[in-house]
Structure formats: C-alpha cells, structure tokens
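Written below as structure tokens is the structure these notes are about.
The values are calculated or read from the model by the stated rules, or taken from the named source; none is laboratory data. Remember, predicted model here, so these are calculated numbers, not experimental data. Cβ: placed from backbone, ideal geometry, glycine included. Neighbour counts: every protein chain shown. The accessibility values were calculated without ligands, DNA or RNA, using every heavy atom of the protein model including side chains. Shrake-Rupley method; radii C 1.70, N 1.55, O 1.52, S 1.80 Å.
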Amino acid sequence: MTLAPETTDLKVELRLNDDWFAICELARLLPGRGVAALLPDGRQAALFRDRAGNLYAVDNRDPFGGAAVLSRGLTGTHQGRPFVASPLLKQRFDLETGQCLDDESVRITTYAVRAA
Amino acid sequence: MTATPEATEATPTIVLVGHGMVGQRFLEALAERGMTATHRVVVLCEEPRPAYDRVALTSYFSGKTPEDLSMTDMEFIETHGIELYVGDPAVAVDREAKKVTARSGQVFDYETLVLATGSYPFVPPVPNKDAQGCFVYRTIEDLLAIEEYAKTRTTGAVVGGGLLGLEAAGALKGLGLTSHIVEFAPRLMPVQVDEGGGAALLRTIEEMGLSVHTGVGTQEIVVDAEGAVTGMKLSDGSELATDLVVFSAGVRPRDQLARDCGLTVGERGGITVDEQCRTVSDPHVFAIGECALASDGRVYGLVAPGYEQAETAAATIASDEAAFLGADLSTKLKLLGVDVASFGDAHGATADCLDVVYSDSRAGLYKKLVIGRDGTLLGGILVGDAEAYGTLKAFTGSVPPVKPESLVLPAGAGESVQLGPTALPDDAIICSCNNVRKGTIRAAVTDHQCTTVPEVKKCTKAGTTCGSCVKVLGQLVTAELEASGVEVDKGLCGCFSQTREELYEIVLALRINTYQDLLDRYGRDGAKGGDGCEICKPAVGSIIASLAPTIGASNYVLDGEQASLQDSNDHFLANIQKNGSYSVVPRIPGGEITPEGLIVIGEIARDFGLYTKITGGQRIDMFGARVEQLPLIWTRLVDAGFESGHAYGKSLRTVKSCVGQTWCRYGVQDSVRMAIDLELRYRGLRSPHKLKSAVSGCARECAEAQSKDFGVIATASGWNLYVGGNGGATPRHADLLAQDLSDAELIKLIDRFLMFYIRTADRLERTSTWLERIPGGLDHVRDVVVEDSLGICEELESLMTAHVAHYADEWATTINDPEKLARFVSFVNAPDTPDPVVGFVPEREQIKPDLPLLTIGHRPLEGSAQR
Ligand code: SRM
Ligand SMILES: Cc1cc2nc3c(=O)[nH]c(=O)nc-3n(C[C@H](O)[C@H](O)[C@H](O)COP(=O)(O)OP(=O)(O)OC[C@H]3O[C@@H](n4cnc5c(N)ncnc54)[C@H](O)[C@@H]3O)c2cc1C
Ligand code: SF4
Ligand code: FES
C-alpha cells in the first residue's frame, strides 16, 4: 500500500456520538481483511480497509446468525460498492450503507471512521 | 523457491557441458520431470551469456537485442537450483574418476555427464583465413564483431551459399555492404533444393542486389600490408575485391572434449550415441544436439532434432522410456524477401517416386512435390512462395485429400485449391521444431480454453522456435474456436471473464503469483484495479496455492497478499462454528493414532474445555475454541507432533483406511500404510474443492473407497484405483480408472489425476461433478492421465512433485510468526477480553454453544439508531 510508510503512526478512529474514539494503529488493518473492535458500550464493530486505502466500519454482528463475526468475512466490490460477506452463511453487506445485498429487509449499523 | 539439494555426496550430480539451445531444452526437460529437485545440476557455459536463440541470430540485425534473443529465464535457473557457470567452459573430463574440470579450475564430480557442445563453423584451410576481417557466423559475439568491422567498410563476401550463408549475406547487405556469395556447388542451397529450385532462388537473390558466384571455390584470402582483408582469389582464376569475409562453409561437431577423454566419435566427427542419446563408450555420458552422431548415423544441424534428443536424454536419465530414432530435415529459410522451403524427401530419393513441378522463372517461383506411386506426399521444395509449407509438411507421409498439383498451382490458376489445415489429420505434425501435433493444438483450444495464438503457444510450445508454423497455428485456433460456437460469458465472477480453468492456465503460463497482478492485467474492465470479490479471491488464492512452488509464490497461505485472499476459515486455519468459536482438527493420517497421541489430544481438549467428537473422517474434532485460543492450542499440538488437518481448506481432507492385511484375516495389502502414504503425499494440496480418499485392504471395502474422490482397493496383485466418488447430498459411486497397479504406478496415476482435476475443474466442483461435466468424461480422463494423450503428464507429475517437495505445516509456520499471531485476537483494541457472545452451556458432560447469548445484539442501544 502506498499509504503505509507515512501513515505508520496514524490511528483508526470511529465516531461514537460526537467524539472520535481511537481503536488501533492503521497498520493493523490489512487491505481486504477486517478486525473486530470492542466499543465502550459493549457493542462490537468490524473495521475494514480496502486496496485504495479507504476505511469502513460496520456492526460486527451477523444479523442472521447472531454471532459477532463480520470482521472475519471476505471483502470485495459489487457493482462498484464495497461489501463484506459473512463467514457464516455468506450474506453480503454494503460497507458504506450497511444494507444487506442479499436481503432487502436487513441493514446493519455503520460508523463513520477515519485515520488520524 | 526450490531448495537446492545440498551438494552432499549423496546428491547425484548431472553436469551439462554447453548451454546452447539444446542444452537449455535439456534443462527444461529435467525440471519438468522433477529431476532438478532430486539432483544437483551444474551447467558449464562457454559463451559469455547463457543460452539464446541461435536460430533467430540474424534478427539481431533487424533490431533484436541480445537480451531479446535470450532463452534463459534466470528465475527458472534459480527456482530449480541450477548452478550455471557462464563464461566457464569445460576443459577436461576424467571418466574414470567421473570428474569435469572447468577453465576456472573448478572440478565437478558427476554421476551423469551431458555433452551439448554444439558445432563450430568449418573454415576451409585457405591461406590467410585468419586475417583481420575474416569472420564466422555462429554466436552473438561473431555478430557484434562483424557489425563493428563493417562500420568502416563497403564490401563483404560470404563463403558458402547454403542456408546459413544466405542468411549471413542478407545480414551483410543489411549492414550496407555490397555483398557477394561464393558457393563451390553449382547452385545455392545445394542440400535443400534441386537444380530447378536453385535457379529460381538465384534469380530472386540476385534481384535483391547480391552477387552470386556459383561453381567456384575460394583459393586464397588476399591481405594488405597490415594483414587486413582486401579480396579473395577464386578457383576460376578471378579475384574478388572485398573488405570482409564471412566463412559459412558448413559446421563440424564440437567433439574435441569427447575425443580427449576417449569417447568414440564418428569418422567425420560427432560423438557416437545410441537411441537413448547415451554415448556408446560410457553409460554415464550423454551427447545431444549438434555435437552428437545419432544412432541413425547422422549429425543433425537443426534445432528440432536436437530438442528431441534433449527430451530423450532427460527422459532416459529420469528412467523413463524414450528414444531418438532420427528426424526429418524440413527447413524454411527465414531470410527477408526470399521464401525457400524444403521438406521430407525433397530430392526424390524414394524408389519409384514421381514429381509434380510448377515453375515460373520470371516470377522466381519454383515448386516441386515428390509423390509416391500410391499418391502419398513424400516431400517437396518451394522457392519464391512457401505459403503452403506448413500445410504440405503436415501432410507429408499421407495421401492429401486433393490432387497434389492443385496444392502448388498459384491462386487463380485453374485447379488451385486452398487446402486449409482443418483438413489435416489430428496426428499431423504442425510444429516440427517442437513436435506438436494438430490434435494437441485443438485440445489446447477445446480442453484448455486457449483462445489466442499466444495462449496456444504457451500451452503447447508450438510456434516458439523458428516461427514458421505460426500461420497454420492461427488458422487452427480460429477454426477450432468457430467450431465451438457462440461465445457465452463463462466468466468466473463479475471480476473475471475467464473461467477458473483459464485463470489457472494464465497463472501457470505467465507465472503470475499475486491476485492483484492477475486482476489488474486480466480482470474485466470495471474490475481492474479494484478489490475483487468473495468468489474470485479464494478461487485465485487456491490456484496460486496449488501452483505455489512452480510460479514462485510462497507455499504458506497466510503469507503477504495471499492471507487476504483466503476464505474466512482458511484465514484462521480453523472451522468457524455457529457462535463464532472454532473447531480444531489435527491430521491423523490414515486414521492411525498412538495412545500417546490420543492422550495429548485428550489433555488439550480437557485443559481448554473443548467438546470432543470422532468425525466421519476417522479423526478427532475439538469444538468451542475461541479465536485467541487457537494459537495456544496449536502450539501444544505442534509440540506433540501434530499438523493441520486442513478441515477448513479446499484441499485434501482425510484418507480413510481399513485395518487391512496386517490384522484382518481377509486383507491382501497393507491398506493402512498406503492410506498414510497418500495422506502425507497430498496433505496441504489446494484444489477446486475438498478432496477425500480411502484405502480398503480387500474387496469387502470397509473403508468405503468407492465413495471418495480417489479411492483405492487392494487386489491380490496390487491396487485398483477408483475416481470421482462422492458422499454428501448427491452420492456417486466412483469409477474404476486402472487396475492392479504397483505402489509406484498408483501414486503416479493419482498425481496426474489430481493435477489434471486441479487444472481443469470449476471452482467448488468436486471430482464427481467434474467427471460428469467434462467432454468425454471418464474415457477422456483415462486418455489424458493413463495414455498421456495430451502429452501433459510429465508436467502434471512435476507440478505434484513440486507440491510435495514444498509442503510445510501451516500451523507450525503460524505459531512461529508473531505478526501472524497478532491476528488471532478477539478485539484489536482489547486482545485479552473474550468475545462476550461466545459462551457455552453443559450437555452430556461436555459443552455446547450458548445460543441465547447470540440474541444480545438485538438489544437496541440508545443514541445509535440504525441508519
Ligand atoms: C466434522 C464432520 C462431521 C462429523 O462430526 O463427523 C463434518 C463436518 C462438516 N462438513 Fe462434512 N463433515 C464430516 C465428514 C463428512 C463426510 C464423511 C467422510 O468424509 O467420510 C461426508 C460425505 C463424504 C463426501 O464428502 O463425499 C461429508 C459431506 C459434506 C458435504 C457434502 C459434500 C458433497 O459433495 O456433497 C459438505 C458441504 C460442502 O462441502 O459443500 C460438508 C461440510 C461440512 C462442514 C464444513 C459444514 C460447514 O460449513 O460447517 C462441516 C465442518 C465442521 C467443522 O467445523 O469441522 N460435508 N462430510 C466430518 C469431518 C470429517 C473429517 O475428519 O474431516
Ligand atoms: C545463423 C544461424 C541460423 C540458424 N537457423 C536455423 C533454423 O532456421 N532452423 C534450425 O533448425 N536450425 C538453425 N540453426 C542451427 C541451430 O542454431 C542449431 O542446430 C542449434 O543451435 C544447435 O543447438 P546445440 O545446443 O546443439 O548447439 P549450440 O546452440 O551451438 O550450443 C552449444 C554451446 O556449447 C558451448 N560449448 C562448446 N564447448 C563447450 C565446452 N567445452 N564447455 C562449455 N560450453 C561449451 C558453445 O559455446 C555453445 O554455446 C541456425 C544456426 C545459425 C548459426
Ligand atoms: S476391507 Fe477387507 S481387509 Fe479391510 S477390514 Fe474390510 S475385510 Fe478387512
Ligand atoms: S515449426 Fe519451428 S516453431 Fe513451429
């Protein structure tokens, strides 16, 4: 990644309410794979980074199975939009909107995320 | 990277003397047979550069650089651990001590010595033959010297009007010199063409502005006071003024090294070898290429027979059967502007043969076909227009489907027929340099999904040497594609328009070893440069892993980019369960386990509180491990000698066994040992879908081998191999592929079968569905893997050999890599806090997932409404 050298001490931050909450160093995010983060209120977020360096964060919980595993899913692009596929039964979720691409009625929480 | 076998006394060494075209092909043939993995290979190369395309030498003058001409991929040399000493020729061979001494003073012990020293240009013993301005035409260095010298001169002469002489003369003309050709015989290219052809050729050559002097010999080179060439005296008493002389009066085998160490050489030179290319004097020494006197009494001065000799020697050294019985001397002159070709029995030497001749001196055309009494095409000569060369050469030896004369008449002249190569029989040789038949080229299109000539060239090697067959190749590819009908989008996914099989071929042929490279070069337009998708990433990850050692990728699936491609389970080297915990399945080859092994597994399961179960695959599964516990559990398993069982991978699962001959009163072979051998051989092999196997010790079939992808059943005289079996939702009984095999035969066939499946199956296609889908089904698979109808078995075997040689347990690698271990945490910001959703409740004295915990996510939290 071209971003890597000059961003080594950048932190990934999530917006919770009105504050930015630091999660980890940017370098911990491998392009194409996710990590799970524990939030102060006990919820979990799944954070991803794509090849171009964009960051995404969604709720870590797979709404179909209930397990907190979305951070371990495979990512990709579908019609130009980034998504993660659940490792359980493979449903895909749009990383920007949280919309499930395989079931219109399901949408997961997304978080604003930045490297700072 | 292939580990170079340590140069211990135990490693047999093959020393190759001469790194020319044939030497290089020999190295490739060795590598294809996996011999480079088991042998130390030393190459002594006299020239200052490794092997290059001598056939295309003259193209240097049309802009090709020495680098363009190179035939040596240094990565190939490195990957196969070949020791290549450039600029260091062999100077002596001691056959008794089996040692070769190089000019640098290095001494190499050999088990097998292969001489591929080529030829040297013959320079007639005329006075002043070594004067300044006299050259030969054989190496890149010769060309560089000629080019340099010609810069300040105006006239050049070539001694010799054969194939090479004409090429050299064309080159001199290209350098801006007034050029002469002096040929002792009464016509040009006396070996290839007859009188009529020579006359037509003469006219064309003269029209190009070259002066031809036939029927005269060179008697003396005339020099000035400084010793530089000024002209030459000819046998008819005349003198020809020239500044530069290139001798091209034929070549002689370079057999001095062989003579010096007492090897038998022919009367007119050439190291005498048998049909296996082994020297008749010493079973440890082989000779191939232009330095060899073949068993048919000929020294071949063309590259195609040399290649065949290289393959023969490599096969023989690898203890395979092969023989070189002779070759045909078809040639097509590549000299710009003149088309000259001769093939088969060009001079009509066969008894009772007839000629069909078409000649038009004005147009410089001459075409002759030699026909047998029964209409068989025996050979021919084409001058001025060699369009039909490829087709005619391929028809040689058969009765063409149309009248021969119609094949040589110019277009528009009444009976002329454009006989396309589609009319050729499947076994017609299209590329004689590489001995590729039409059937193989068609199969490249139909079975290997090649859609362009470059793909077919890579796939079959056809067209990669002299290039004269490329036109026919193109016609065949187009015809085959058309015959296969309308194009449908068979693409793997939204990112790739190619099928998995095509991607496999691309990755293998071009040695592409990253997903991004493949996507950016071969992805669909909108997908290039993007992130790919969940379908192609694991599929390509699997292809890269299957071919890792061959394409120079890491054999560790979590290395670098590969980690991001793996399916979620492969990424954590474990199977995810419904609550986000994992199961752990150590490999238990053949289902055989010691009491100590059972105790270790028991202790680990107890210490980590895991649920334990015997699986349907004859091993033990431990459930309920948290992601952060996986490394701790595996550290203990690896310490106790266990390896990953790949329960998570599209790869070999288990090879089940029955107890077999050792204990069972009915058993006829040791089924447990064979099951263990097979499991250890194929462990870690990534494939389109999972692979399962079983070995039964007799026909009672307690191991259920006939429900496996490859199943083995013992017989009194060996093993029966069944393929394409499946349990699961759509069970299928396996088909018998071959019977009564020895251990070695069995393994060879399985190697081929699995690699052919990996190469051609779709993603997530088990062997059962693959076998039903592919055209020709079981019969085709049998043709390919048993009869080697596509000629790919060597490659399939060597791919498997490479896999076996590079296998390493991925869990052992992972627990020793702190960076990889950092991924096995519950939370990146709270690595020590277990996932609160993963909990367990008791059941039958063990644990099971606490499912109600999974519903906690439904609790809406204040302040973060869903968008
Ligand atoms: C553990 C085990 C069941 C058991 O407790 O015995 C099992 C468990 C799973 N099987 Fe199986 N299969 C197990 C033996 C079998 C067998 C019996 C055998 O191998 O002899 C079969 C039938 C034989 C066959 O495959 O042809 C079998 C046919 C399947 C199938 C159907 C395959 C098919 O081609 O139709 C699937 C689904 C798939 O792969 O798509 C499947 C898939 C699975 C998965 C991977 C389902 C999943 O996605 O979670 C399960 C993984 C569990 C885990 O976490 O380890 N499992 N599964 C067995 C593990 C054997 C081992 O030691 O590796
Ligand atoms: C200009 C030109 C055009 C040609 N065109 C065609 C064509 O169109 N079609 C065709 O079929 N053939 C053609 N040929 C012939 C073809 O190049 C040869 O048949 C082929 O190169 C033979 O391969 P080889 O490996 O046997 O010998 P070479 O390619 O000559 O290789 C032998 C190598 O061994 C080295 N060597 C010799 N002694 C030692 C030693 N003691 N220690 C270490 N190294 C040593 C030499 O330096 C040389 O590099 C052409 C040749 C030339 C020169
Ligand atoms: S298959 Fe034959 S040898 Fe194996 S256990 Fe059954 S009866 Fe015994
Ligand atoms: S005939 Fe020479 S490359 Fe095919």
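Details
- Cα-based shape type of the range B:672-805, given that a ≥ b ≥ c are square roots of the gyration tensor eigenvalues and the cut on a/c is 1.5: rounded
- About the Cα centre, charge dipole magnitude for the range B:514-584 (Lys/Arg +1, Asp/Glu -1 at Cβ), debye: 140
- Taking amide hydrogens as placed 1.01 Å from N in the peptide plane, the amide H of B:Val436 sits under 5 Å from those of B:Ile430, B:Cys431, each at least 5 positions away in sequence or on another chain.
- Note on the protein assembly as shown: dipole from Cβ charges, positive end direction compared against B:Gly526, B:Leu737, B:Asn569; the farthest Cα belongs to B:Asn569.
- For the range B:34-158, with +1 on Lys and Arg beta carbons and -1 on Asp and Glu, the positive-most of B:Tyr137, B:Pro48, B:Thr117 along the dipole: B:Tyr137
- Projected label points at A:Leu89 and B:Asn816, each 7 Å from Cα along the beta carbon direction, are separated by 4.2 nanometres.
- Pair B:Asp224, B:Glu96: separation of 7 Å Cα→Cβ label points (nm): 5.5
- The residue among B:Thr654, B:Ser554, B:Phe26 whose Cα reaches farthest toward the positive pole of the charge dipole of chain B, with charges on the beta-carbon of Lys, Arg, Asp and Glu, is B:Thr654.
- Mean-square fluctuations from a GNM of chain A, with a 10 angstrom spring cutoff on Cα atoms, peak among A:Gly53, A:Gly66, A:Gly76 at A:Gly66.
- Sequence-separation-based contact order of the range B:62-135, relative, with Cα cut under 8 Å and 6+ spacing, percent: 13
- With the whole protein complex present, B:Glu795 retains an accessible surface near 60 Å², based on a 1.4 Å probe.
- Rg and Dmax [Cα atoms of the protein assembly as shown; Å; Rg one decimal, Dmax integer]: 34.2, 113
- On the beta carbon distance between B:Lys64 and B:Ala185, with R0 = 41 Å, the FRET formula returns roughly 0.85.
- Accessible surface ranking for B:Met71, B:Met622, 1.4 angstrom probe, highest first: B:Met71, B:Met622.
- When +1 charges are put on Lys and Arg Cβ atoms and -1 charges on Asp and Glu Cβ atoms, the dipole computed for the protein assembly as shown relative to its Cα centre reaches about 1960 debye.
- Sulfur and carbon atoms: percent of accessible area, the range B:147-220 [1.4 Å]: 51
- Over chain B: helical MRE at 222 nm, DSSP H runs n ≥ 4 each giving -39500 (n - 2.57), nearest 500: -8500 deg cm²/dmol
- Note on B:Thr264: accessible area is roughly 70 Å² with a 1.4 Å probe, heavy atoms of protein only.
- Sorted largest first by accessible area at a 1.4 angstrom probe radius, with every protein chain in place, the residues B:Glu679, B:Glu534, B:Glu387 fall in the order B:Glu387, B:Glu534, B:Glu679.
- Computed with a 1.4 Å probe over protein heavy atoms only, the accessible surface of chain B comes to 41 Å² per residue.
- Here the range B:782-860 has 55 percent of its accessible surface on carbon and sulfur atoms, given a 1.4 Å probe and all protein chains in place.
- Long-range tail of P(r) for chain B (Cα pairs > 40 Å, %): 50
- Reported value for the range B:760-832: 146 Å³ per residue, from the convex hull of its C-alpha atoms.
- Buried accessible area, chains A and B (both chains, 1.4 Å probe, Å² to nearest 100): 3500
- When the other protein chains are added to the chain by itself, burial of at least 40 square angstrom of heavy-atom accessible area (probe 1.4 Å, ligands and nucleic acids ignored) affects these residues of the range B:487-534: B:Gln516, B:Asp531, B:Glu534.
- B:Val668 - accessible surface, heavy atoms, 1.4 Å probe, Å² rounded to 10: 50
- Ordered from highest to lowest accessible area with the whole protein assembly present and a 1.4 Å probe, B:Trp634, A:Trp20, B:Trp663 read as B:Trp663, A:Trp20, B:Trp634.
- Pairs of Cα atoms nearer than 8 Å and 6+ residues apart set the relative contact order; for the range B:445-535 it is 24 percent.
- Simple Cβ-charge dipole of chain A, Lys/Arg +1 and Asp/Glu -1, about Cα centre, in debye nearest 20: 320
- Across the range B:345-356, computed HN-Hα scalar couplings (Karplus, 6.51 cos²θ - 1.76 cosθ + 1.60, θ = phi - 60°) run 7, 5, 8, x, 7, 5, 4, 6, 7, 10, 10, 10 Hz from first to last residue, x flagging Gly and Pro.
- Förster-model FRET efficiency, 30 Å R0, B:Asp427 and B:Arg298, C-beta, rounded to 0.05: 0.80
- Among the DSSP helices (H) of chain B, those spanning at least 24 angstrom by Cα along their long axis with an average Kyte-Doolittle hydropathy of -0.5 or more are B:743-760; this is a geometric and hydropathy rule only.
- Global geometry of the range A:37-116, whether rounded, prolate or oblate, following the gyration tensor of its Cα atoms and the 1.5 cut on a/c: oblate
- Amide H contacts under 5 Å for B:Thr117: B:Ile288, B:Cys291, restricted to partners 5 or more places along the chain or on a different chain, H placed in the peptide plane at 1.01 Å from N.
- Rounded FRET efficiency, nearest 0.05, which uses the C-beta distance separating B:Asp832 from A:Asn54 and R0 of 30 Å: 0.50
- Alpha-carbon Rg/Rh ratio, for the range B:730-867, with Rh computed the Kirkwood way: 1.21
- Relative contact order of the range B:804-858, pairs being alpha-carbon contacts under 8 Å that are 6 or more residues apart, as %: 17
- Extension gain, B:Glu843 back to B:Arg252 (0.36 nm per residue minus Cα-Cα distance, nm): 204.1 nm
- Pairwise centroid distance, computed over Cα atoms, of the range B:509-563 with the range B:790-862, Å: 21
- Accessible surface of the range B:664-747, 1.4 Å probe, proportion on carbon and sulfur as whole %: 49
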